[in-house]
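Structure first, then comments.
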There are 2 protein chains.
Amino acid sequence: MIKEKCLTCHIKSAAVGYLDETQLRILGENCAEALFRKGEVIFKQDSLSSNIIYLKDGLVKTSMEWNHKNQILNIIKAPAYLGIPTTLGDKINHYSVSSLEDSVVCFIDINTFKMLIDRNGKFAYEIIIHLCKNELKHYQRCVYRSQKHVSGLVADTLLFFSNEIYMDKTFKLPIDRGEFGDLIGTTRETVSRMLKEFHDDHLIEMKGKIVTLINPDMLTKISMSG
Amino acid sequence: MIKEKCLTCHIKSAAVGYLDETQLRILGENCAEALFRKGEVIFKQDSLSSNIIYLKDGLVKTSMEWNHKNQILNIIKAPAYLGIPTTLGDKINHYSVSSLEDSVVCFIDINTFKMLIDRNGKFAYEIIIHLCKNELKHYQRCVYRSQKHVSGLVADTLLFFSNEIYMDKTFKLPIDRGEFGDLIGTTRETVSRMLKEFHDDHLIEMKGKIVTLINPDMLTKISMSG
DNA sequence: GAAAAAACGTGACCTTTGTCACTAACTTAG
DNA sequence: CTAAGTTAGTGACAAAGGTCACGTTTTTTC
């Protein structure tokens, strides 16, 4: 039965792990699952939002547009909640989310979510922890972005994909050069030049979007020293 | 009686407003109030933390140090919670907080705080809202910082102090030029030059740290256009 | 209230990165 | 397979802002 989908779901978030059977059943009745193909927009900045989104599978980017420029705030791998801040605040999405790879997403009714926070302290606590971790990560990212040179940021990003997203020294970049620039606050051209430099210095191997880190230690050094 | 200090406190946070008498009494028994003079460090990056801090009165800055450079993350006016993310995460402070003006602060035992989240859904919800608002503000700040030119950021900052901190066109900057630079990711010298430019263009009046916004509309324009 | 220290202003110069323009390579749709 | 549309690489140049050096003003301290 569809109503039991949350009860039997094996990709539960830490928070949902604390729900009892009744609560899981209510959650199941108030959420809907959807598939987004690579490149599709899951929700868009400035539109209204009345759902919390749980990314069950896939990879997405969150981004903010301002003055015709786009900045990627974060690249998020499942499992994770998306848009808690944007939905619980004033119901207007302050940033956009789109999928970088085919992604499965659960839309959770906001009132159900609020009710769960109200009735289940452990659930609320896990949500708080999730928000806290995010905030710290973002602080870190923000400091790096404004203090490191582009070389350091490009190195950071390559290491991020290798160590945190794909767990492999060889991976396919899920973003193009322009998005790479938007992620670290620079331009398409500068990213190109930097990647070529890393390639010429034998730190990475590259065939289009396929990257292999040959000398991750050196990349780490570059990342550290700015 | 000291034990009743939270019961009778008139500067309660929205969250604490939802506590019942028993919970307020417990809170009162597990918190301590302290005064920090201007310039004092309330807590320091990399040190251990086992308290949530409620800023009852005053003005503080939060900052992160990296590679001998300092970045001010935020300037926060009472009333507000400080260091929820840093304390609920791994107990290590990931940033420092110091007072820009004499400030009164309540140290709340972390286990008491957790207990209140667990037992009072409305309290938990308010904390979540607080974290969400913070996150959105920080996203915004981060995008601005990396996309606007220095002129726009200096204008932003002057408007911020005028509109959000002091509610007055004339105010005394609580930070020196170097800190002003740390706040917007530039240097002491560049801030000096920019302020002089604004002064020469009759947008502001200045005597040392005392600033008067003469043409806030123009400053807003400069802020908007980058 | 004088000496020392901190904060500030300013000019000259240099580096990093952005911008523009153009070409090449790769993707996609028919 | 081929034309059209994307995406990427690269050179020349410009500009914003960082760095350094030094002089001045303000604040602190004794």
Report the Cα centroid-to-centroid distance between region A:99-155 and region A:28-58 in angstrom, as an integer.
15
Just B:98, B:13, B:192 to compare: in a GNM of chain B, with alpha carbon springs under 10 Å, which one fluctuates most?
B:192
Ranked from the most accessible area to the least, with a 1.4 Å probe and all protein chains present, what is the order of A:43, A:123?
A:43, A:123
Hey, any idea what Rg/Rh is for chain B, computing Rh the Kirkwood way over Cα pairs?
1.01
Whose amide H sits under 5 Å from the amide H of residue B:73, counting only residues 5 or more places off or on another chain, with H placed in the peptide plane?
B:62, B:63, B:64
Once you have a ≥ b ≥ c as the square roots of the Cα gyration tensor eigenvalues for region A:148-225, tell me rounded if a/c is under 1.5, and otherwise prolate or oblate according to whether a/b is larger than b/c.
rounded
Which percent of the Cα-Cα distances in the protein assembly as shown go past 39 Å?
26
Could you put A:218, B:167 in order of accessible surface area, largest first, with the 1.4 Å probe and the full protein assembly present?
B:167, A:218
So, taking all protein chains as they sit and a 1.4 Å probe, how much accessible area belongs to residue B:146, in Å² rounded to tens?
50
Run a plain Debye calculation on region B:104-181 (Cα atoms as equal point scatterers, no solvent) and give log10 I(q)/I(0) at q = 0.17, 0.19, 0.24 Å⁻¹, rounded to two decimals, same order as the q list.
-0.88, -0.95, -1.13
For chain A, modelled as a GNM with alpha-carbon contacts under 10 angstrom, which of A:39, A:58, A:208 fluctuates the most?
A:208
Other-copy label distances relative to residue A:66, 7 angstrom Cα-Cβ extension, nm
1.8
Put the label 7 Å from Cα along Cα→Cβ for residue B:167; what are its distances to the other copies, in nanometres, shortest first?
5.3
Sparse-neighbourhood loop sites, trypsin sites (Lys or Arg not before Pro) in region B:48-146 - DSSP loop, at most 14 other Cβ within 10 angstrom
B:91
Computed label-point distance, nm, for sites residue B:189 and residue B:115 using a 7 Å Cα→Cβ extension
5.7
Other chains' Cβ within 10 Å of A:45-52 residues: what's the mean?
0
Shielding by partners for B:141-153, please: the mean number of other protein chain Cβ atoms within 10 Å of each residue's Cβ.
4
Heavy-atom SASA rank of A:161, B:36 (probe 1.4 Å, accessible area, largest first)
B:36, A:161
Simple spin-label model, 7 Å along Cα-to-Cβ: residue A:176 to residue A:68 in nm?
1.8
Given springs between every Cα pair under 10 Å in a Gaussian network model of chain A, which of A:97, A:191, A:143 has the largest fluctuation?
A:143
Value at 222 nm in deg cm²/dmol, rounded to 500, when DSSP H runs of n ≥ 4 in chain A each add -39,500 (n - 2.57):
-13000 deg cm²/dmol
Amide hydrogen neighbours beyond the local backbone of residue A:120, cut-off 5 Å, H modeled
none
Can you list residues whose amide H is under 5 Å from residue B:56's amide H, if they're 5+ apart or on another chain and H is modeled 1.01 Å from N?
B:104, B:105, B:106
With all protein chains in place and a 1.4 Å probe, residue A:125 shows an accessible area in Å² (nearest 10) of 50
Label point at residue A:11 placed 7 Å out along Cα→Cβ; residues across region A:55-89 whose backbone nitrogen lies under 19 Å:
A:55-62, A:75-84
If I take every Cα pair under 8 Å that is 6 or more residues apart in chain A, average their sequence separation and divide by the length, what percent do I get for the relative contact order?
19
When the Karplus curve 6.51 cos²θ - 1.76 cosθ + 1.60 is applied with θ = phi - 60°, which whole-Hz ³J(HN,Hα) does each residue of region A:110-117 get, with x for Gly and Pro?
5, 5, 5, 4, 4, 4, 5, 4
Quick calc: nm separation of the 7 Å Cα→Cβ label points for residue A:224 and residue B:35 -> 4.6
By the gyration tensor of its Cα atoms, with a ≥ b ≥ c the square roots of the eigenvalues, what is the shape of region B:124-164: rounded for a/c under 1.5, prolate for a/b over b/c, or oblate?
oblate
Phi-based couplings in Hz for region B:180-197 (Karplus 6.51, -1.76, 1.60; Gly and Pro marked x)
4, x, 4, 6, 10, x, 9, 10, 3, 4, 5, 4, 3, 4, 5, 5, 4, 4
Quote the accessible area belonging to residue B:225 in square angstrom, nearest 10, computed with a 1.4 Å probe and with ligands, DNA and RNA left uncounted.
90
Rounded, prolate or oblate: pick one for region A:30-101, where a ≥ b ≥ c are the square roots of the eigenvalues of its C-alpha gyration tensor, a/c under 1.5 means rounded, and failing that, prolate if a/b is larger than b/c, else oblate.
oblate
With a cut-off of 8 Å between alpha carbons and a minimum separation of six or more residues, what is the relative contact order of region B:148-225 in percent?
40
State, to one decimal in nm and shortest first, how far the label point of residue A:214 sits from each corresponding label point in the other identical copies (label point: 7 angstrom along Cα-to-Cβ).
6.1
Potential extension, residue B:209-residue B:163 segment - 0.36 nm per residue separation minus Cα distance
14.9 nm
Taking Lys and Arg as +1 and Asp and Glu as -1, residues besides residue A:136 with C-beta under 14 Å from its C-beta add up to 0
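The values are calculated or read from the model by the stated rules, or taken from the named source; none is laboratory data. If you're wondering where the values come from, they're calculated on a predicted model, not measured in any experiment. Cβ atoms come from the backbone with ideal geometry, glycine included; neighbour counts cover every protein chain shown. Surface accessibility is based on the protein's heavy atoms, side chains included, excluding ligands, DNA and RNA. Shrake-Rupley method; radii C 1.70, N 1.55, O 1.52, S 1.80 Å.
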